[in-house]
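**Student:** This is the structure, below, for whatever I ask next.
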Amino acid sequence: MLSKVRSCAIIGLEGALVEVEVDLSAGLAAFMIVGLPDAAVNEAKERVKSAIKNSGCVFPYKRITVNLAPADLRKAGPAYDLPIAIGILYAAEQINLDVTLEDALFLGELSLDGSLRHTNGILPMVALAREKHISSVFVPAIDAVEAALVEGVTVYPVKTLAQLLAHLNGERALEPYVCDPTILDNAQEPVYGQDMAAIRGQEHVKRALEVAASGGHNILLSGPPGSGKTLLARATPSILPRMLIEEALDVTKIYSVSGILPADMPLIVQRPFRAPHHTISHAGLVGGGRMPRPGEISLAHRGVLFLDELPEFGQNVLEVLRQPLEDKIVTISRAQGTITYPANFMLVAAMNPCPCGYYGDPVRECSCSITAISRYQKRISGPLLDRMDIHVEVPRVDYEKLADKRNIENSAIIRARVQEARERQIQRFAGTKLTCNAEMGPAEVRQFCSVEASAEKLLKTAMQQLHLSARAFHRVLKLARTIADLAASETIGANHVAEAIQYRPKIGH
């Protein structure tokens, strides 16, 4: 007998419908899986066989052929265990034949005892079910909260294969899982590792980070060792605005597909902070591999990518950042096909001014030659530097500031200002896909960045004296727009433009 059960594959971050066809025929007992399965899918044969036996059912010793259609789509991972088991039992008439399996999606990895394990990529799979108008989805109980984030689909949490069979045979119905609609509002306040109140001095750097966080701008911190660059960068997540529900779902989808979604946190509510080591590979940063996976820039989507010791990263690795910084996506092309991942992140980079770190320091003398300094700084190309909206010097902190006992602004106060500025931007961009000033293109800059006459004069002078590129000109305007938002000003004044220009590198690139 032939049976058909629906399941799902993951291509990039999107789901693709897979039909699991099971045929039982007379002949020598055999179990074959066809349709481009990988090793994990092929090993399903042993897991399914044991799970069926240990769930109180009879495994049919016939010629079993399982076809995963479409046959030209590569199938990976253990999510096909459950649909294969259901297909075999239905074909063996151990499930009520009056039950229609057409309008249901089955997902999950089986243990040998018939219980269901956590499965990666549940969120995009359930999103596909809604898109294809499939009304019911059966998922492992541990993944029910994640699956229920998608509205318009009935999610059934399944603990064991026996429990699912009892439901399908009408013996004991499963209760659908209902998601808490206020899950984002009721989320606990995130606990941050660092707070701005712990950092003494560097007020101008904190201001620059506040501007960067408000508009989603890229920032480069440069200064001698021990001046607090890394500490300031690691405190940045504590001043970032709250995520919108759409942003939270986007990030959760990436973490679900990557298999790093925490079991106790089905919805990522805290903006990501990724800090890869400078020895990271090209594929590790942008994504890729034999079976392409999201890289660090996609895992930092809607959050912060922190690159410490920027010149120590391989030049080829840094250059691949140029396109994602502009397009907010990364496209990976392989022989098997092309996959696009989102990569809308805020880049925070830190570097020393020279190999020894003390070039330009007023206290310690630099021991590097002019050639060594030039070679070190040239590791970061002009085009990449041009994409950094804010360049800020982080000087050494003197004793008086370090020993100062007075209370200083904590992250919560700064975050409240950042949140207000971001909400102004969300209102301004209502009806578009934009969420912050850094995402504006030239057309949006012309539309939303109205400049006062005095500010226009200042911009013209800056263009001529700093030799700003067209890209740098637009970035200055976007930065000035963010500074104006922090000041609750509708138009961009000369003081806003002056501060934005101040954040450009001293030498035009």
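To keep it simple, each residue is scored yes or no on (1) buried (at least 23 other Cβ atoms within 10 Å of the Cβ); (2) closer than 17 Å to Thr160 by Cα; (3) not small (Gly, Ala, Ser).
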{"position": "Lys49", "(1), (2), (3)": "no, yes, yes"}
{"position": "Val58", "(1), (2), (3)": "no, yes, yes"}
{"position": "Arg74", "(1), (2), (3)": "no, no, yes"}
{"position": "Tyr80", "(1), (2), (3)": "yes, yes, yes"}
{"position": "Ile95", "(1), (2), (3)": "no, yes, yes"}
{"position": "Phe106", "(1), (2), (3)": "yes, yes, yes"}
{"position": "Ile122", "(1), (2), (3)": "yes, no, yes"}
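**Student:** Let me ask you something else. Kindly list, by first and then second residue, each pair from a residue in region 452-465 that is at negative phi to a residue that is β-branched (Val, Ile, Thr) and surrounded by fewer than 13 Cβ atoms within 10 Å (Cβ to Cβ), limited to pairs with Cβ atoms under 6 Å and residues at least 6 apart or on different chains.
**Tutor:** Correct list of pairs: Glu452/Thr491.
**Student:** Just one of the numbered conditions (1) in a helix (DSSP H, G or I); (2) modelled with pLDDT under 90 is not true of Leu468; which one?
**Tutor:** Tallying (1) in a helix (DSSP H, G or I); (2) modelled with pLDDT under 90, Leu468 fails exactly one: (1).
To keep it simple, each residue is scored yes or no on (1) modelled with pLDDT of 95 or more; (2) over 31 Å from the mean Cα position of the chain (by Cα).
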site	(1), (2)
Ala85	yes, yes
Thr100	no, yes
Ser111	yes, no
Ser115	yes, no
Asn120	no, no
Ser135	no, no
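**Student:** Additional query: Is it the case that Val58 is under 29 Å from Glu131 (Cβ atoms) and more than 33 Å from the chain's Cα centre (by Cα)?
**Tutor:** Numbers: under 29 Å from Glu131 (Cβ atoms): no; more than 33 Å from the chain's Cα centre (by Cα): yes.
Answer is no for this residue.
**Student:** Considering only region 126-152, state which residues are in contact with a helix residue (DSSP H, G or I) (Cβ under 7 Å, 6 or more places away or on another chain), outside any helix (DSSP H, G or I) and surrounded by 21 or more Cβ atoms within 10 Å (Cβ to Cβ). It would help to see each step written out before you state the result.
**Tutor:** Restricting attention to region 126-152, the residues satisfying the condition of being in contact with a helix residue (DSSP H, G or I) (Cβ under 7 Å, 6 or more places away or on another chain) are 126, 137-139, 143, 146-147, 149-150, 152.
Restricting the remaining residues to those that are outside any helix (DSSP H, G or I) gives 137-139, 149-150, 152.
The answer is Val137, Phe138, Val139, Leu149, Val150.
**Student:** Any residue that is over 26 Å from Ala349 (Cβ atoms) and touching a Gly at 6+ places or on another chain (Cβ under 8 Å) - is there at least one of those in region 453-469?
**Tutor:** Scanning region 453-469, I find at least one residue that is over 26 Å from Ala349 (Cβ atoms) and touching a Gly at 6+ places or on another chain (Cβ under 8 Å), so the answer is yes.
**Student:** Sticking with this one: I'm trying to understand the selection: among the residues of region 295-325, which are in contact with a Pro (Cβ under 8 Å, 6 or more places away or on another chain) and polar (S, T, N, Q)?
**Tutor:** Ser298, the sole residue that qualifies.
**Student:** Next question. Quick check on region 391-398. Is at least one of its residues within 30 Å of Ser469 (Cβ to Cβ) and in contact with an Asp or Glu (Cβ under 7 Å, 6 or more places away or on another chain)?
**Tutor:** Going through region 391-398, the residues within 30 Å of Ser469 (Cβ to Cβ) turn out to be 391-395.
So of that shortlist, the ones also in contact with an Asp or Glu (Cβ under 7 Å, 6 or more places away or on another chain) come out as none.
No, because not a single residue in region 391-398 is within 30 Å of Ser469 (Cβ to Cβ) and in contact with an Asp or Glu (Cβ under 7 Å, 6 or more places away or on another chain).
**Student:** Would you mind telling me which numbered condition in (1) surrounded by fewer than 18 Cβ atoms within 10 Å (Cβ to Cβ); (2) part of a loop (DSSP other than H, G, I, E, B) Ala166 fails?
**Tutor:** Against the list (1) surrounded by fewer than 18 Cβ atoms within 10 Å (Cβ to Cβ); (2) part of a loop (DSSP other than H, G, I, E, B), Ala166 comes up short only on (2).
**Student:** When Val41 is evaluated against the numbered criteria (1) surrounded by fewer than 13 Cβ atoms within 10 Å (Cβ to Cβ); (2) closer than 30 Å to His301 by Cβ; (3) aliphatic (A, V, I, L, M), which criterion, by number, is the only one it fails?
**Tutor:** Failing condition for Val41: (1).
To keep it simple, each residue is scored yes or no on (1) of a type outside the set (A, V, I, L, M); (2) surrounded by fewer than 18 Cβ atoms within 10 Å (Cβ to Cβ).
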| site | (1), (2) |
| --- | --- |
| Thr435 | yes, no |
| Ala443 | no, yes |
| Arg446 | yes, yes |
| Glu452 | yes, yes |
| Glu456 | yes, yes |
| Thr461 | yes, yes |
| Ala470 | no, yes |
| Ile483 | no, no |
| Leu486 | no, no |
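**Student:** State which residue is farthest from Tyr156 (Cα to Cα) when the search covers only region 181-200 and only residues that are surrounded by 13 or more Cβ atoms within 10 Å (Cβ to Cβ) and modelled with pLDDT under 85.
**Tutor:** Tyr192
**Student:** In the set Glu400, Glu409, which member is part of a loop (DSSP other than H, G, I, E, B), acidic (Asp, Glu) and modelled with pLDDT under 95?
**Tutor:** Only one candidate passes the filter, namely Glu409.
**Student:** Regarding Glu326, is this residue among the charged types (D, E, K, R) and surrounded by fewer than 19 Cβ atoms within 10 Å (Cβ to Cβ)? Reasoning before the result, please.
**Tutor:** Values: among the charged types (D, E, K, R): yes; surrounded by fewer than 19 Cβ atoms within 10 Å (Cβ to Cβ): yes.
Here the answer is yes, as Glu326 does meet what is asked.
**Student:** Could you tell me how many of the residues in region 114-138 are polar (S, T, N, Q) and farther than 24 Å from Ala40 by Cα?
**Tutor:** Here is the first cut: in region 114-138, the residues polar (S, T, N, Q) are 115, 119-120, 135-136.
Filter again for farther than 24 Å from Ala40 by Cα, leaving 135-136.
Matching residues across region 114-138 total 2.
The values are calculated or read from the model by the stated rules, or taken from the named source; none is laboratory data. Owing to the predicted nature of the structure, the values given are computational and were not obtained by experimental measurement. Virtual Cβ from ideal backbone geometry, glycine too; neighbours counted across all protein chains shown.
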